[in-house]
Amino acid sequence: MTELLNLRLVSAAYGNAPVLFDVDLDVKPASATALLGRNGVGKTTLLRTIMGLHRLSDGDIFLNGEQVSELGAHQRARKGVGFVPQGRHIFPHLTVEENLQVGLSALNGRGIKGKKGIPDYIGDLFPKLTQIAKRHAGFLSGGEQQQLAIGRALAGRPQLLLLDEPTEGVQPNVVQHIQEVLGRIRSELGVAIIIVEQNLDFAWGFADRYVVMQRGKVVRHGATATDSAETVGHLIHV
């Protein structure tokens, strides 16, 4: 397989209530895929299933050609999957630096254990984090917390980064910065990204592929360079 990630007929449920139905998805290295659709169609569940936080009920997930469907979230993190959840979920009572140390724990031998401070590549992407390294995360602004959440996921040196609504509750000037940084994460670190995003302008300015979901199924996919945001946006709101 030339793709980094392959989903084949992936289904998932909450109890007896099916949420995902036979989802196929292919993601190439250093690519960006926007996962689109109305609230409640299964986008977050799909990200959580890829990460291993939600168990699939059927189908297969491959990472670099390896079957990972039965692996836990911590095992997938060590194989190179990072996750930035909706709402950020940083540790408010830890400092910025300590939050990033939690992310470094995912390396498990793929980097320097016990390294102190903020890794250079994260400080370069998010200079603000270096300036506020000793500040407790609970006192940060929404934009700063989002930068920290992305930085924490990057600390594990992922090959694949999953982001759930990264622009939610973030000021417009910080949204622009996040878009620029995500582009650098792809080009400089070679990380593939799957992003759930309601802001179509943001998605089209960043992603090269899109996937539209309705009622737990993929109903359309394509390239952002050839399909217009207006056409896809109309389909989302049908």
>> Among the residues of the stretch 12-34, are any more than 21 Å from Leu189 (Cα to Cα) and buried (at least 22 other Cβ atoms within 10 Å of the Cβ)?
In response: yes
> In the stretch 111-123, which residue that is surrounded by 13 or more Cβ atoms within 10 Å (Cβ to Cβ), at pLDDT 50 or above and not aromatic (Phe, Trp, Tyr) is farthest from Gly143 (Cα to Cα)?
Replying inline: Lys115
>> I'd like the residue in the stretch 35-59 that is in contact with a helix residue (DSSP H, G or I) (Cβ under 7 Å, 6 or more places away or on another chain) and under 18 Å from Ala203 (Cβ atoms) and, out of all such residues, is surrounded by the most Cβ atoms within 10 Å (Cβ to Cβ).
In response: Leu35
> Any chance the stretch 210-225 includes a residue that's of a type in the set (Phe, Trp, Tyr) and closer than 27 Å to Gly123 by Cα?
Replying inline: no
> How about the stretch 63-95: which of its residues are part of a strand (DSSP E or B) and under 17 Å from the mean Cα position of the chain (by Cα)?
Replying inline: Leu63, Val81, Gly82, Phe83, Val84
> What's the number of the condition Gly138 fails, among (1) within 25 Å of Leu46 (Cβ to Cβ); (2) in contact with a Pro (Cβ under 7 Å, 6 or more places away or on another chain)?
Replying inline: (1)
>> Take the residues in the stretch 1-11 that are in a strand (DSSP E or B) and of a type in the set (S, T, N, Q); name whichever of them is surrounded by the fewest Cβ atoms within 10 Å (Cβ to Cβ).
In response: Ser11
>> I'm told Ala77 meets every condition in (1) of a type outside the set (Lys, Arg); (2) crowded, with 19+ Cβ neighbours inside 10 Å; (3) farther than 30 Å from Phe139 by Cβ except one. Can you identify the failing condition by its number?
In response: (3)
> Which residues, taken from the stretch 189-213, are touching a helix residue (DSSP H, G or I) at 6+ places or on another chain (Cβ under 8 Å) and of a type outside the set (A, V, I, L, M, F, W, C)?
Replying inline: Glu197, Asn199, Asp201, Gly205, Tyr210
> Is it fair to say Gly222 is loosely packed, with under 15 Cβ neighbours inside 10 Å and assigned to a strand (DSSP E or B)?
Replying inline: yes
>> Condition first: surrounded by 21 or more Cβ atoms within 10 Å (Cβ to Cβ), touching a helix residue (DSSP H, G or I) at 6+ places or on another chain (Cβ under 8 Å) and assigned to a helix (DSSP H, G or I). Now tell me which residues in the stretch 145-177 satisfy that.
In response: Gln145, Gln146, Gln147, Leu148, Ile150, Gly151, Arg152, Ala153, Leu154
>> Between Phe62, Phe139, which is closer than 24 Å to Ser31 by Cα, surrounded by fewer than 22 Cβ atoms within 10 Å (Cβ to Cβ) and among the aromatic types (Phe, Trp, Tyr)?
In response: Phe62
> Of everything in the stretch 188-200 that's farther than 12 Å from Pro29 by Cβ and part of a helix (DSSP H, G or I), which residue is modelled with the highest pLDDT?
Replying inline: Glu188
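Residue-by-condition table, conditions (1) out of contact with any Ser or Thr (no Cβ under 6 Å at 6 or more places or on another chain); (2) among the small types (Gly, Ala, Ser):
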position: Gln171; (1), (2): yes, no
position: Gly183; (1), (2): yes, yes
position: Ala192; (1), (2): no, yes
position: Gly216; (1), (2): yes, yes
position: His221; (1), (2): yes, no
position: Ala229; (1), (2): yes, yes
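The values are calculated or read from the model by the stated rules, or taken from the named source; none is laboratory data. Remember, predicted model here, so these are calculated numbers, not experimental data. Note that we place each Cβ from the backbone using ideal geometry, even for glycine, and neighbour counts take in every protein chain shown.
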